[in-house]
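Here is the structure we will look at.
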Amino acid sequence: MTRPDWAPYGVDLDRPNAARVYDFYLGGAHNFAIDRQMAAQALAGWPELPLIMRANRAFLRRAVRFLAHSGVRQFLDLGSGIPTVGNVHEVARAEDPASRVVYVDIDPVAVAHSRAILDGDPRVTPVQADLRSPAHVLDLAVREGGLDLTQPVAVLMVAVLHFVPDTDDPAGVIAEYRDATAPGSAIAICHATAEGQGDKADEHRALYARTPTPMTMRSHAEVSRLLAGYELVEPGLVYMSQWRPDDDELPARPEDYPGYAAVGFH
């Protein structure tokens with residue numbers, strides 16, 4: 001296919017990519033035909049997927065708003081994806097314009113777009129890195145993004161940990177970020193689950209097996225274990241739509257939005 005002018009060279013246009021598929025679900029324009037083809041296959045078996053993705057994004061905004069209101073002024077958004085309206089820096093700055101944000105993604109398309117959109121903003125820094133290498137990510141966040149690890153940092157892992165397989169020790173990865181950040185730092189997590197979803201979840205995992213980032217859905221107990229060392233704020237680890245919803249957001253069946261979400265401090 002013809003390479004769009006916004007797509008960096010070296011990006012594979014013939015293999016679907018999780019960040020670009022997510023962008024499509026959110027109504028974005030930075031995705032390729034192969035991504036839309038994968039999304040169409042997923043939607044055939046799970047038509048509610050765009051609503052689930054938007055509920056996930058709504059949780060991210062609520063969590064950032066809560067953390068900013070709690071006094072956190074530094075945000076490390078891991079697996080940040082392609083920027084959309086209402087992204088982390090916009091929500092955080094509504095509380096304090098001095099808030100600093102570092103966006104981290106392994107996908108060069110997502111990072112290239114972030115750099116183009118945020119060019120010239122000294123308090124928002126996109127970097128390309130693998131969240132599974134915390135020391136490297138934090139080094140970039142300090143050197144390029146100006147984060148001060150002696151002050152509280154909110155580590156955001158929203159809709160990304162289900163792309164970290166058990167063989168890569170997600171609990172150990174989280175612990176490295178926890179141990180490297182100052183007391184009073186926080187985590188916000190939203191993680192896909194197959195609980196209660198049956199064949200739809202199986203088909204979804206099979207589709208993502210075709211991408212560079214296969215999906216590992218986890219149970220409530222498994223996600224809870226990832227959060228060892230954090231004190232979760234109320235209501236704890238719940239379905240994403242149940243975490244401090246705005247008045248018009250709580251659906252009749254929260255389990256139809258199959259992602260577990262939580263915010264905690266250490």
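Throughout, read-outs are computed from the coordinates displayed, never taken from laboratory work. All of these numbers come straight from a predicted model, not from anything done at the bench. Note that we place each Cβ from the backbone using ideal geometry, even for glycine, and neighbour counts take in every protein chain shown.
The table that follows gives values for the structure above.
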| read-out | value |
| --- | --- |
| Helical segments meeting 27 Å axial Cα length and Kyte-Doolittle -0.5 threshold in the chain (DSSP H) | 49-69 |
| Rounded to whole Hz, the Karplus (6.51, -1.76, 1.60) HN-Hα couplings of the range 257-264, x for glycine and proline | 10, x, x, 8, 10, 7, 9, x |
| Contour minus Cα-Cα distance for ASP179 and ASP202 (0.36 nm per residue) | 4.8 nm |
| Positive-end extreme of charge dipole, the range 55-265 - chosen from ALA188, PRO108, LEU250 (charges on Cβ) | PRO108 |
| Potential extension, ASP119-ALA171 segment - 0.36 nm per residue separation minus Cα distance | 15.3 nm |
| Amide hydrogen neighbours beyond the local backbone of THR216, cut-off 5 Å, H modeled | PHE163, VAL164 |
| Dipole magnitude of the chain, debye to nearest 20 (Cβ charges: Lys/Arg +1, Asp/Glu -1, about Cα centre) | 260 debye |
| Rounded to whole Å, sorted largest first: equivalent-ellipsoid semi-axes of the range 94-185, Cα gyration tensor | 22, 18, 11 |
| Largest-first ellipsoid semi-axes for the range 60-100, taking √(5λ) over the Cα gyration tensor eigenvalues, angstrom | 16, 10, 10 |
| Scaled radius of gyration (Cα, divided by 2.2 N^0.38 Å) that the chain gives | 0.95 |
| Difference of contour (0.36 nm per residue) and Cα-Cα distance, THR84 to LEU149 | 20.7 nm |
| Counting DSSP beta bridges with both ends in the chain, the antiparallel % (nearest 5) | 40 percent |
| R0 of 41 Å, Cβ-Cβ distance SER219-ARG36: FRET efficiency to nearest 0.05 | 0.85 |
| Most positive-pole-ward Cα, ALA262, LEU43, ALA92, against dipole of the chain from beta carbon charges | ALA92 |
